[in-house]
Amino acid sequence: MVLEGTARALLRRVAGEQVEARVPSLVAAVLRDGETVWSGTRGEVDGAPPGPGTQYRIGSITKSMVATVVMRLRDEGLLDLNDPLDKHLPGTPVGEVTVAQLLAHTGGLTAEPPGPWWERTPGVDPATLTAALDGAAAKHRPGRRHHYSNVGFALLGEVVARHRGVPWDLALREEVLEPLGMRDTTTRPRAPHATGYAVHPWADVLLPEPEHDAAAMAPAGQLWSTLPDLSRWAGFLARGDRSVLASATLAEMREPATVDDGDAWTGGYGLGIQLLRHRGRRLAGHGGSMPGFLALVWADPADGTGVAFMANTTSGLRPALGTDLLDILDAHEPVIPGPWRPAACDTGLLELTGPWYWGPAPYVLRLRSGRELSLGPAGGHGRASRFASREDGTWVGLEGYYAGETLRVVRRPDGTVSHLDVNTFVFTREPYDPAAPVPGGVEESGWR
């Protein structure tokens with residue numbers, strides 16, 4: 001748990017937001033190391049403060065959960081992210097769009113389905129939705145840009161249903177919600193739950209918002225949840241759970257597939273997960289907005305810190321509330337680094353460590369735990385990557401420019417190390433070592 005002063009500062013921020021944004025009720029939680037360390041509420045639901053069992057609609061946070069099931073299908077070999085939609089859901093006018101593009105909102109699909117505003121009207125079944133799509137469903141060339149699409153996740157929900165043989169929400173419950181202990185997350189509200197309201201812009205009065213079963217559009221934003229359940233989801237995004245998803249797969253979902261603010265790159269999107277860079281943190285999560293409700297989850301996998309909040313208002317709540325709560329936690333109780341300890345490494349690889357040169361540029365190769373290597377510029381600027389060992393004696397890049405590329409240690413006939421070959425880039429022990437096979441050769445007269 002947090003210290004008393006930290007708790008007061010967090011509650012003050014939540015209380016101020018509830019008053020200034022005129023929110024009927026607001027619940028929030030902060031996590032550290034993947035576990036809830038503080039939670040607070042303001043306002044009322046049916047005349048009393050909301051409790052831990054009070055449900056709120058979480059809107060598009062649903063998308064991240066649906067995406068998790070899609071990635072499970074991928075890991076099981078039932079689909080490939082490069083598969084066109086037509087392979088798994090034939091007959092749509094956007095069949096050439098890939099599964100990955102749907103997950104990352106880069107398929108160019110229209111944001112909303114045809115017909116009246118789907119969030120405030122009863123939904124239609126998947127067959128009716130698919131039949132209503134036409135040539136106008138494609139707004140941009142697939143892969144060209146980030147264009148948020150609720151329709152895309154409706155289609156992904158149907159892909160899940162066809163592979164699992166049950167509705168998408170039943171597959172989600174069995175494969176994700178139950179293993180994570182999220183038993184109070186449901187497709188329709190159950191008591192006790194908050195009523196969604198619109199707050200009049202110029203008077204302190206409320207208007208109840210309608211709530212319907214979105215049917216085919218449900219995978220885009222149907223779910224209701226509680227603060228403890230949403231905190232469990234934040235913890236999963238931060239720390240993972242191998243019973244739900246392989247760690248590498250969750251990390252893949254958190255990788256930026258596209259950015260939504262151009263060169264600034266403060267916000268982006270992975271595979272079903274929104275991304276935000278904030279004060280040195282790279283946060284993963286999602287926001288949710290439905291008539292009468294707003295919700296948000298952010299998690300930092302680097303240290304397990306996270307935040308979740310929900311409110312029953314259509315608009316007015318500031319998204320910065322989430323990062324403000326994280327900033328308060330960092331300011332009042334900064335993370336104290338754990339002690340350094342020696343790692344279990346393959347000491348037979350020590351001969352590879354130390355300085356290497358790509359042409360005249362100095363790099364440093366370090367040995368990490370096990371047989372993992374890291375290669376990066378000595379000055380901190382340039383291409384860097386970690387490399388995992390393979391059974392054939394080579395290493396594969398895990399990130400950055402060298403992700404997926406091969407590092408080979410090339411030895412002389414006597415067994416000593418000659419140079420490193422990283423996908424044709426030759427790294428030598430001396431700048432442009434004439435004894436190494438530097439591409440293009442080395443000027444015979446040498447340095448002058």
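The values are calculated or read from the model by the stated rules, or taken from the named source; none is laboratory data. Bear in mind that the values here come from a model prediction, so they are computed numbers and not experimental data. Heads up, the Cβs are rebuilt from the backbone with ideal geometry, glycines too, and the neighbour counts pull from every protein chain shown.
When you go through R32, R57 one by one, which is the residue that is buried (at least 17 other Cβ atoms within 10 Å of the Cβ), under 28 Å from the mean Cα position of the chain (by Cα), charged (D, E, K, R) and more than 21 Å from S315 (Cα to Cα)? Spell out how you get there, then give the answer.
Numbers: R57 fails: more than 21 Å from S315 (Cα to Cα).
Unique residue meeting the criteria: R32.
Give me the residue from region 422-437 that is touching a residue at least 40 places away in the same chain (Cβ under 8 Å) and in a loop (DSSP other than H, G, I, E, B) and, out of that set, surrounded by the most Cβ atoms within 10 Å (Cβ to Cβ). Break it down stepwise before answering.
Of the residues in region 422-437, the ones touching a residue at least 40 places away in the same chain (Cβ under 8 Å) are 422, 425-433.
Now drop any that are not in a loop (DSSP other than H, G, I, E, B), which leaves 429-433.
Values: R429: 15, E430: 11, P431: 16, Y432: 18, D433: 16.
Only one residue fits best here, namely Y432.
Just checking, does region 217-230 include any residue being within 14 Å of the chain's Cα centre (by Cα), touching a residue at least 12 places away in the same chain (Cβ under 8 Å) and surrounded by fewer than 23 Cβ atoms within 10 Å (Cβ to Cβ)? Give the steps one after another, and end with the answer.
Going residue by residue through region 217-230, those that are within 14 Å of the chain's Cα centre (by Cα) are none.
No, region 217-230 contains no residue that is within 14 Å of the chain's Cα centre (by Cα), touching a residue at least 12 places away in the same chain (Cβ under 8 Å) and surrounded by fewer than 23 Cβ atoms within 10 Å (Cβ to Cβ).
Being closer than 16 Å to P291 by Cα and of a type in the set (A, V, I, L, M, F, W, C) is the filter here, so list the residues in region 311-336 that pass it.
Hits for region 311-336 are A311, L317.
Can you tell me how many residues within region 382-421 are part of a strand (DSSP E or B) and within 24 Å of A251 (Cα to Cα)? Step through it out loud before you land on a result.
Step one: filter region 382-421 for residues part of a strand (DSSP E or B), giving 385-389, 395-397, 403, 406-411, 417-421.
Filter once more, so that each one left must be within 24 Å of A251 (Cα to Cα): 385-389, 395-397, 403, 406-407.
Residues that pass the stated criteria total 11.
Restricting region 366-381 to residues that are part of a loop (DSSP other than H, G, I, E, B) and more than 27 Å from the chain's Cα centre (by Cα), which is nearest to V409 (Cα to Cα)?
Looking only at region 366-381, we keep the residues that are part of a loop (DSSP other than H, G, I, E, B), and these are 368-369, 371-372, 378-381.
Checking which are more than 27 Å from the chain's Cα centre (by Cα) leaves us with 371, 378-379.
Numbers: R371: 13, A378: 20, G379: 23 Å.
Per the criteria, the residue is R371.
Conditions tested, residue by residue: (1) assigned by TED's automatic domain parsing to the domain that holds R190; (2) among the acidic types (D, E); (3) assigned to a strand (DSSP E or B).
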| residue | (1), (2), (3) |
| --- | --- |
| A9 | yes, no, no |
| R13 | yes, no, no |
| E17 | yes, yes, no |
| V37 | yes, no, yes |
| G51 | yes, no, no |
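Hey, any hits in region 78-92 for a residue that's assigned to a loop (DSSP other than H, G, I, E, B) and out of contact with any helix residue (DSSP H, G or I) (no Cβ under 9 Å at 6 or more places or on another chain)?
We begin by selecting, within region 78-92, every residue assigned to a loop (DSSP other than H, G, I, E, B); these are 78-83, 89-92.
Filter once more, so that each one left must be out of contact with any helix residue (DSSP H, G or I) (no Cβ under 9 Å at 6 or more places or on another chain): 90.
Yes, region 78-92 contains at least one residue that is assigned to a loop (DSSP other than H, G, I, E, B) and out of contact with any helix residue (DSSP H, G or I) (no Cβ under 9 Å at 6 or more places or on another chain).
Looking only at region 337-365, filter to residues that are in a strand (DSSP E or B) and among the small types (G, A, S); which one of those is surrounded by the most Cβ atoms within 10 Å (Cβ to Cβ)?
Let us first name the residues in region 337-365 that are in a strand (DSSP E or B), namely 345, 354-358, 361-365.
Those left that are additionally among the small types (G, A, S): 354, 361.
On the way: G354: 12, A361: 15.
Residue satisfying both the conditions and the ranking: A361.
Residue-by-condition table, conditions (1) assigned to a loop (DSSP other than H, G, I, E, B); (2) in contact with a His (Cβ under 9 Å, 6 or more places away or on another chain):
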| site | (1), (2) |
| --- | --- |
| V244 | yes, no |
| L250 | no, no |
| G272 | yes, yes |
| L275 | no, no |
| G288 | no, no |
